[in-house]
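Reading through the structure tokens given below for one structure.
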Amino acid sequence: MRRETVTPRTDWDATIRSQGLVYVDTELPDGGIMSYWDETAAYAFDLDEVLRLEEATEELHRMSVAAAEHVVAQRRYAEFGIPQWAAEAVARSLREAPPTLYGRFDLAYDGTWPPKMLEYNADTPTALVEASIIQWYWLEDTQPDLDQWNSLHERLVGAWAKIGAGLHDPLVHVLWSNEEESGEDHMTAGYLAETARQAGLNVELQPIQEIGWDGRRFVDADDRPVTTCFKLYPWEWMLAEPYGPAALAPGTPTTWIEPAWKLLLSNKALLAVLWELYPGHEYLLPAYLDSPRGMPEYVAKPLLGREGGSVRIVTAGEEITNPGIYGDEGWCYQEFRALPQFAGNRMVLGSWIVDGESAGVGVRESASLITDGYARFLPHYIDAPRTR
């Protein structure tokens, strides 16, 4: 893997906005604007490297599911901050294996083996539109003879088709929160709705704030029952809502995507359970729930917090804190591994999984050791001829 300087397309800004990246502008603390999309550089991978990273991603997913099964079997819900009233619903969800769609591993990888898992965004991962659509069209425009580690669109359509084959009613509600102001959640939900339509499903795209409860079931703004529902709204938030118990009640006729057991994969306590079950595994970093256990450098991550939340890094001689927007409901202490540095930028690899299979990658860069709201997304390509 290497970082290469490239020449941006002359009309790149208008192009990416027309393709759905309406949240490209990032406001800086000084009031200036920077672009979240950055095509002044690109990352190049070789094919063998991609194949190995795909295998690593799928192995991490299998390990994570096994860790969730262990947590349920041992009833370790309290360590995940899951209230007792929700525990049986989480166990039932895992046991009944309702449909699951996608997730994203964040990996530290500098081009030398092995990659290291930083966390698993398994419930409501974003950065999807740019990973699936925007960088693919960049490749078509700039290097059409080369390939890309990107089968996200095809795999999402295939996963929806698989889900649809098991539905009595092909109507699927896709929800997002209209309280998110950048447009990212709306566009992510809209894109997922489009992949469901391409799979032959009927889709209603609505804000979650328009969904109601009629005493027996959830209904949409037109009083239609919500029987199959993808929600870009994390379970940790839903449990805190007044309707949380109804959403998890065994008699509620709604199949949620993602299912409730994804609470266990999106929680940072997963990192500690993985290290406990697979100590010394080459893809993992040491992680603990009770304390740093003497680690001289570590990252304190809140158990809950969509896409990270507040993070505290303790390294030799300094402490860096990103306050985030979430409370402190417990911490996971993970060994500090500095993000690899390329041309003065810190890079994190977002490796996507769809229906249990590796599906593509998104590369983000930041000036900080913490991949924060000022990160930039860079496209990539495989340095090999296209095979599709």
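Laid out as a table, the results:
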item: Cross-chain or 6+ apart pairs with Cβ under 7 Å, the range 31-53 first and of a type in the set (A, V, I, L, M, F, W, C), then in a helix (DSSP H, G or I); result: Trp37/Ile16; Trp37/Glu130; Trp37/Ile134
item: All positions within the range 17-30 that are closer than 21 Å to Glu194 by Cα, out of contact with any Gly (no Cβ under 7 Å at 6 or more places or on another chain), touching a residue at least 24 places away in the same chain (Cβ under 8 Å) and not small (Gly, Ala, Ser); result: Gln19, Leu21
item: Options Glu276, Glu307, Glu282: the member that is at pLDDT 90 or above and not in a loop (DSSP other than H, G, I, E, B); result: Glu276
item: Members of the range 37-54 that are in a loop (DSSP other than H, G, I, E, B) and either under 13 Å from Ala375 (Cα atoms) or aliphatic (A, V, I, L, M) (or both); result: Asp38
item: Residue in the range 18-36 that is closer than 24 Å to Glu184 by Cα, part of a helix (DSSP H, G or I) and not aliphatic (A, V, I, L, M) present; result: yes
item: Residues located in the range 333-372, provided they are within 15 Å of the chain's Cα centre (by Cα), outside any strand (DSSP E or B) and either over 15 Å from Ile313 (Cα atoms) or of a type in the set (A, V, I, L, M) (or both); result: Asp355, Gly356
item: Near pairs, Cβ below 8 angstrom, 6+ apart or cross-chain, from the range 100-120 (touching a residue at least 24 places away in the same chain (Cβ under 8 Å)) to any residue that is of a type in the set (Phe, Trp, Tyr) and outside any strand (DSSP E or B); result: Leu101/Trp160; Pro114/Tyr283; Pro115/Tyr109; Pro115/Tyr283; Lys116/Tyr109; Lys116/Tyr283; Met117/Tyr283
item: Answer from Leu175, Leu167 - the residue that is farther than 23 Å from Ser358 by Cβ and either surrounded by fewer than 20 Cβ atoms within 10 Å (Cβ to Cβ) or more than 19 Å from the chain's Cα centre (by Cα) (or both); result: Leu167
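The values are calculated or read from the model by the stated rules, or taken from the named source; none is laboratory data. Since the model is a prediction, treat every value here as computed from it, not as a measurement. In this analysis, Cβ positions are derived from the backbone assuming ideal geometry, glycine residues included, and neighbour counts consider all displayed protein chains.
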